[in-house]
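In what follows, a structure is listed as structure tokens, so that the remarks can point back to it.
The values are calculated or read from the model by the stated rules, or taken from the named source; none is laboratory data. None of these values were measured; they are calculated from a predicted model. No Cβ is skipped: glycine too gets one built from the backbone with ideal geometry, and neighbour counts run over all protein chains shown. Heavy atoms of the whole protein, side chains included, go into the accessibility calculation; ligands, DNA and RNA do not. Shrake-Rupley method; radii C 1.70, N 1.55, O 1.52, S 1.80 Å.
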Amino acid sequence: MAELVARTGRHQQRYENGYRLIAGYKDGDDCGDSCSEKIVEVLMINSSSGPGLLFPKGGWENDETVEQAAVREAIEEAGVRGDLMDFLGYYEFRSKTLQDEFSPEGLCKAAMFALFVKEELEAWPEQSTRNRSWLAVPEALGSCRHAWMRDALQCFTKWHEGLLMSARGEDLPNQE
């Protein structure tokens, strides 16, 4: 098997109106017939710059789609592969560590996706600085390092509840 290597540098990064564009994911759960019996867990990783847990995410580069970037970051940061399920939304935030000439204020816009994890790799590019943690949603909500990640996790929870209702043939409630 070829060795996996993480992309580095910012020369290929995408920016939009002063925001660095980021792609990331949260684990989705494709549970088939037994959805009501499963506890949904999400995969989080430790931060390399301080306390708290994060969802794997990183820069979306010029030579890839946002979906490809999310899949690549899942491999690089968390060492997982799987199926990208759905787009969960954009989340804007300010990063103290991602300030550069294109985004001096460190503004970032993350495109977050649900990913159904099918494989956990034994070795991955950022293994020496990242640890994986599988958490039940309530525990993950309390472990999120940033408020925007809690918002994204709540969006994931609503998306997952919609999957469960659909699997049971129930109508989705109005979102008004």
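Couple of notes before you dig in:
- For segment 47-155, the list of GluC sites (Glu not before Pro) that fall in a loop by DSSP and count at most 15 other C-beta atoms within 10 angstrom reads Glu101, Glu105, Glu122.
- Each of Lys109, Lys96, Lys118 has its accessible area taken with a 1.4 Å probe; listed largest first, they run Lys96, Lys118, Lys109.
- Between Lys158 and Gln68, the distance separating the two model label sites (each 7 Å from Cα on the Cα→Cβ line) works out to 3.1 nm.
- One Cα centroid belongs to segment 61-90, the other to segment 123-176; the line between them spans 15 Å.
- Segment 41-85: C-alpha gyration tensor shape, a/c 1.5 cut-off, then a/b vs b/c: oblate
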